[in-house]
1. Give the Cα extents of region 253-387 along the principal axes, in whole Å, largest first.
2. For region 218-270, go through all pairs of different Cα atoms, get the mean of 1/r, take its inverse, and jot down that Kirkwood value in Å.
3. Over the Cα atoms of region 348-676, what is the Rg over Rh ratio if Rh follows Kirkwood?
4. Can you sort 367, 415 so the residue with the fewest Cβ neighbours within 10 Å comes first?
5. For the chain, what proportion of DSSP beta bridges, expressed in % and rounded to the nearest 5, is antiparallel?
6. Taking the chain as the reference, fit the longest principal axis to its C-alpha atoms, fit the long axis of helix 571-587 to the helix C-alpha atoms, and give the angle between the two in degrees, 0 to 90, nearest 10.
7. Taking the Cα atoms only, what angle lies between the long axis of helix 334-351 and the longest principal axis of the chain, rounded to 10 degrees?
8. Put one equal scatterer on each alpha carbon of region 171-300, apply the Debye formula with no solvent term, and list log10 I(q)/I(0) at q = 0.09, 0.18, 0.22 1/Å to two decimals.
Amino acid sequence: MAETAELPQGQILRFKLFDSAVDEGFWRKLSSLKLDVLRLDQSPIDITGFFAPCSHHRISQRLILQAESLPEFAGDQQSARPVLPQRNRNRCPVPGVLYNTNTLESFHSIDKKNLLRLEAEKILLDISTGKVEEDCSTLLRFLVISYADLKKWTFHYWFAFPALVMNPPATFLSLKPASEALSTEEAGSLAAACNLWRSSNSTMDVPFFLVSIGADSRAMIRPLRDWDSCQGDNQKLLYGFYDPCHIMSNPGWPLRNFLAFIGLRWKVGKVRFFCYREKHGIADLGLSLVGEASVSTSQDWAESRSVPQATGWEPNANGKLTCRTVNLKESMDPVSLAVAAADLNLKLMKWRALPTLDVGMLSDVKCLLLGAGTLGCQVARMLMAWGIRKMTLVDNGRVAMSNPLRQSLYELSDCLNGGDMKVNAATKKLKMIFPAAEAEGIIMSIPMPGHPVPDQEMESVIEDCRRLQSLVDSHDVVFLLTDTRESRWLPTLLCASLNKLAITSALGFDSFLVMRHGAGPSAIDCSSSGLINNQPSDRLGCYFCSDVIAPTDSTSNRTLDQQCTVTRPGLAPVASALAVELLVGILHSPEGIHAPAEHANSAGPVEDRPLGILPHQIRGSFSQFSQMTLLGYSSTSCTACSTAVVSEFRSRGMKLVAQAINHPTYLEDLTGLTELMKSANSFDLEWDADDDSDF
């Protein structure tokens, strides 16, 4: 604890000015009142501040404004005073007045000296009429001037804590810790009396009081109205107050008007005061101070009822005598409020369930969604729920009448007049749901192998391929959510070549697949034709690794039910949620795209896997209400991610893509699937009829 500074006797007594603090809820409520009730009215508003005795030897308490500091209004009429909550020992109410202006210019042009004098006159009137003895908090009345710029959510404000200027001023006589100024018996009795006073519902928030100590060293605390009965010859009398200041060499600001009151009202020239301070809610007489000051008992302005001089404007954080400014756009602008609300669940998850959850990282992830249909809509919604805001949706379809029931980002109005483009309607709805969403729509078809194009259109198709490559390169994650198998080939190849994280979600009638693609082959892999030390690569496989034929046209010469994705309605939400959950788990893994695959029976969440295991494939069936995790490594004959195809693409670029589009067997020849199928067809299998039952 700091040592008490010994000041020379006769020196002017200095007081530590109140510090102010304004809770965000106060500005929020003031904004609502300004918009809905006050409008252009600049009439003074009665408010209430709160403070408490110092409770830490290094930190002073502040006078605080909260939402309940402002009054309630019935129509346009202000209630007499703010409706205060249940009494609280740590919140002594103090009356104040707020002057809220309509313009910044009128805020700066307020006659601050005159406002301070008006409040000082009220204090002087309360002293002379005896009101202070019944409601001592009026000695601490304060004022605030403010201007609320609700376009920018910026608030300019300035506190004043009016104090009467006494002439001559109070002078210092002595100041010591209460534990030293009093005997051991007196200090112990005073501490007990203070604790009792502070715990009483009727007196806990009364900031000024009297301390009488009898000849038996017994201390009693009494309200100010008992002053006459405390004038016995054998009693020591201390004038006590809740001191918000922690400094051992100075009393706090409340003492200043208290001394003026004692000198003017009771004509006491030498005042022995008690600065009450606490530690952990209990009286601390080592931190509390007992001092003596010489006080003037008469003032010309008090006797003549003239306007007194006053002081008390609070300097800003830099010590300059000017206003303060607070910008609350982050918390009060509707878009910012929506962002805060969106992050609330994620931040609560960090408290206990997921302390290592990186909310900031998720908000920076860029996701490319290929397909804005049933899966694309659901994935976009799930991404936003996880705090991922940067999304690009790619599709070339229009919203059909059958879409809104299954595709959650569309409604009937999107289907009219031929239907809006899906990506336009989807991004618009995403921003309506969450204004801070950074969603962009790209109208583009994905070139597909097995879908030949005429020579005159090839240049345009290759341009689409380059555009898609640029999109994949500029995003962190690619979701493959298209309707057809062949439309997933080029994105898979691009992700393998650029080593981008790809997640596929595909639907059957009553089954689904969710899988993450492995990392692309490295330069070493490509130089060794997919073999490292003559062993197959242990990279995780992609969507095409289990196929023995190249992707071809799957929509031509098909009936309507074969052309559309006919699926049970519940599959898409389940598969989409699993795809996004898988992504978040991978993003939180130290190994990222290289994280090894795990099975359902793997160990539970650990420090480096806060969200649980990271499977390679998740396959589910609604007909059996089952789900399983599978593992598959990359195939050396894969038509999308094998080293043969990726190496050729890195060498030939879009020429390979053009050849794959117009020559259906090219990919099979390149990867060796043609020879593999020839070898398989050369086997002549003979079945033994006697073994049929065993088989």
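Derivation of every value follows stated rules applied to the coordinates shown; laboratory data play no part. Owing to the predicted nature of the structure, the values given are computational and were not obtained by experimental measurement. Every residue, glycine as well, gets a Cβ built from its backbone with ideal geometry; the counts of neighbours run over all protein chains shown.
1. 86, 38, 24
2. Details: mean 1/r = 0.0787 Å⁻¹.
The Cα-based Kirkwood calculation yields 12.7 Å.
3. Value, to two decimals: 0.95.
4. Numbers: 367 23, 415 18.
Placing the least packed residue first, the sequence is 415, 367.
5. 65
6. Around 70 degrees separate the two axes.
7. Orientation of helix 334-351: about 80 degrees from the principal axis.
8. -0.23, -0.98, -1.51
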